[in-house]
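Report on one structure; see the data block that follows.
The values are calculated or read from the model by the stated rules, or taken from the named source; none is laboratory data. Everything numeric here is computed off the predicted structure, so don't read it as measured data. Quick reminder, even Gly has a Cβ in these numbers, built from the backbone with ideal geometry, and neighbours come from all protein chains shown. Accessible surface areas use protein heavy atoms only, side chains included; no ligands, DNA or RNA. Shrake-Rupley method; radii C 1.70, N 1.55, O 1.52, S 1.80 Å.
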Amino acid sequence: MTSMPPEGPIVPREVGRIRGERRGPTLIAVGGIHGNETAGLVAGRRVLDRLANGVSFRGDFVVFGGNLTAIRNKVRYLSKDMNRLWIDSRIARLESLSYEELDAEDREQLELLAAIRKTIAEARGPVFLIDLHTTSAHGVPFIIFGDTLPQRHFVSEFPLPIIFGLEEQVDGVLSEYWTRQGCVTFTIEGGQHDDEGSIDNLEAILLLAAQAAGLFPTGSVPETRAAHALLESRRGNLPHVMEVVSRHAIGVEDEFRMEPGFRNLDHAHEGQLLARDKKGEIRAKKNGLVLLPLYQGLGSDGFFWGRAVGEARLRASEALRHLELDRFFDWLPGVARDRTRPTRLFVNTRVARLYPLEVFHLLGYRRVREVDGELTIERQPG
């Protein structure tokens, strides 16, 4: 199996590219946006090698390295997390600064931004982008995506757990930014950093993504069958589709301690002890799913609480969105639409309790923030 050298690898911005003779979709993969997560780069090289040999290929496949400086230093980042910086106003400010005014992550971001923009400008069809990650703890690989209908359809091709509403919990992530630019995107957490199996998982995802995007005919690359079987086996008894219902936020003063034994995605039953803090025990109020329990000691997310999403609810949600019923949200008392950003609503918190968030979620409005007594509820365009 291919693996990274143990000491700071030298990774080019463009790890590799295949350009088919015929027009078709473009698939962009980004690995190593966190410098200690290099499994995606190895997986990308494997897939480049495989698709370059005897495959009837159309469109373009390109693999980019993310935070090259952090990769060389074998750290997550140097001064700031490069997967929290993809905000329009911040990028506009960076582009106005001189090179000397930029730190390492600023320069890395602008270089990666330019490389992806150039690839999109040269695309000969729709553009798909995958952000490849791994985690510090062992667990089940899973997919995170912004809740647009094109992205729902794309990720449904993969047998891994698919999580609605988790991308919207974090601001400034790479995949969200490129969704706003018109790409179909998702993020994959492929497994533990140093586990060779994580490379296999990410390689399987890239093969299946290339097939789903239409870079080669379904079934024409024999390895895709094994890739599907591998990922299906990784999911085990977890639901195929799940959603975030709530976030258990914590601070240092809470003295939060997660109960040991939970995987990164795991079942929990009503009354089960989940964690403890200075106020006492935290137990599950109903049957559901524990998502991303906090064990490493640092962080503001104790865990997320989730639930399975059935096929009937998915179909109902899609039907409502095709009807564009969210056009009428701002007819509701206490709800106003942002005139500069039509996919964002302002909700007065004094009347917000009248409108269950479930209604907004059905129509893709999953980014919920509260500032100065006012809720903003937003969906991705598309």
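Answer yes or no as to whether Ser175 is among the polar types (S, T, N, Q) and under 26 Å from Arg58 (Cβ atoms). It is true that Ser175 is among the polar types (S, T, N, Q) and under 26 Å from Arg58 (Cβ atoms). Among the residues of segment 293-325, those identified as free of Cβ contacts under 8 Å to residues at least 60 places away in the same chain and within 22 Å of Ala137 (Cα to Cα) are Pro293, Leu294, Gly297, Leu298, Gly299, Ser300, Gly302, Phe303. I'd like to know if segment 48-57 contains one or more residues that are open to solvent by 30 Å² or more (accessible area, probe 1.4 Å), assigned to a helix (DSSP H, G or I) and in contact with an Asp or Glu (Cβ under 8 Å, 6 or more places away or on another chain). Yes: segment 48-57 contains one or more residues that are open to solvent by 30 Å² or more (accessible area, probe 1.4 Å), assigned to a helix (DSSP H, G or I) and in contact with an Asp or Glu (Cβ under 8 Å, 6 or more places away or on another chain).
Considering only residues that are farther than 26 Å from Lys74 by Cβ and either within 13 Å of the chain's Cα centre (by Cα) or β-branched (Val, Ile, Thr) (or both), which ones fall in segment 178-199?
Trp178, Thr179, Val184, Thr185, Phe186
Taking Val63 as the residue in question, decide whether it is of a type in the set (Val, Ile, Thr) and either touching an Asp or Glu at 6+ places or on another chain (Cβ under 6 Å) or at pLDDT 95 or above (or both). Yes; evaluated as a whole, the condition is true for this residue. Against the numbered list (1) of a type outside the set (D, E, K, R); (2) farther than 24 Å from Pro381 by Cα; (3) in contact with a Phe, Trp or Tyr (Cβ under 9 Å, 6 or more places away or on another chain), His361 comes up short only at (2). Across segment 173-187, the number of residues qualifying as out of contact with any Ser or Thr (no Cβ under 9 Å at 6 or more places or on another chain) and either of a type in the set (Asp, Glu) or open to solvent by less than 40 Å² (accessible area, probe 1.4 Å) (or both) comes to 0.
Exactly one residue out of Thr135, Thr69 is open to solvent by 10 Å² or more (accessible area, probe 1.4 Å), under 17 Å from the mean Cα position of the chain (by Cα) and of a type outside the set (D, E, K, R): that is Thr135.
Summed over segment 237-293, residues that are within 21 Å of Leu160 (Cα to Cα) and within 20 Å of the chain's Cα centre (by Cα) total 17.
Results for (1) open to solvent by 10 Å² or more (accessible area, probe 1.4 Å); (2) assigned to a helix (DSSP H, G or I); (3) among the hydroxyl-bearing types (Ser, Thr, Tyr); (4) in contact with a strand residue (DSSP E or B) (Cβ under 7 Å, 6 or more places away or on another chain), shown as yes or no for each residue.
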{"position": "Asp200", "(1), (2), (3), (4)": "yes, yes, no, no"}
{"position": "Ala210", "(1), (2), (3), (4)": "no, yes, no, yes"}
{"position": "Thr218", "(1), (2), (3), (4)": "yes, no, yes, no"}
{"position": "Thr224", "(1), (2), (3), (4)": "no, yes, yes, no"}
{"position": "Ala229", "(1), (2), (3), (4)": "yes, yes, no, no"}
{"position": "Glu232", "(1), (2), (3), (4)": "yes, yes, no, no"}
{"position": "Asn237", "(1), (2), (3), (4)": "yes, no, no, no"}
{"position": "Met242", "(1), (2), (3), (4)": "no, no, no, yes"}
{"position": "Arg247", "(1), (2), (3), (4)": "yes, no, no, yes"}
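Of the numbered criteria (1) modelled with pLDDT of 95 or more; (2) crowded, with 16+ Cβ neighbours inside 10 Å, the one Val11 fails is (1).
Which of the residues spanning segment 69-97 are part of a loop (DSSP other than H, G, I, E, B) and either modelled with pLDDT of 95 or more or among the hydrophobic types (A, V, I, L, M, F, W, C) (or both)?
If the condition is that a residue be part of a loop (DSSP other than H, G, I, E, B) and either modelled with pLDDT of 95 or more or among the hydrophobic types (A, V, I, L, M, F, W, C) (or both), then Val75, Leu78, Met82, Leu85, Trp86, Ile87, Ser96, Leu97 are the ones that fit.
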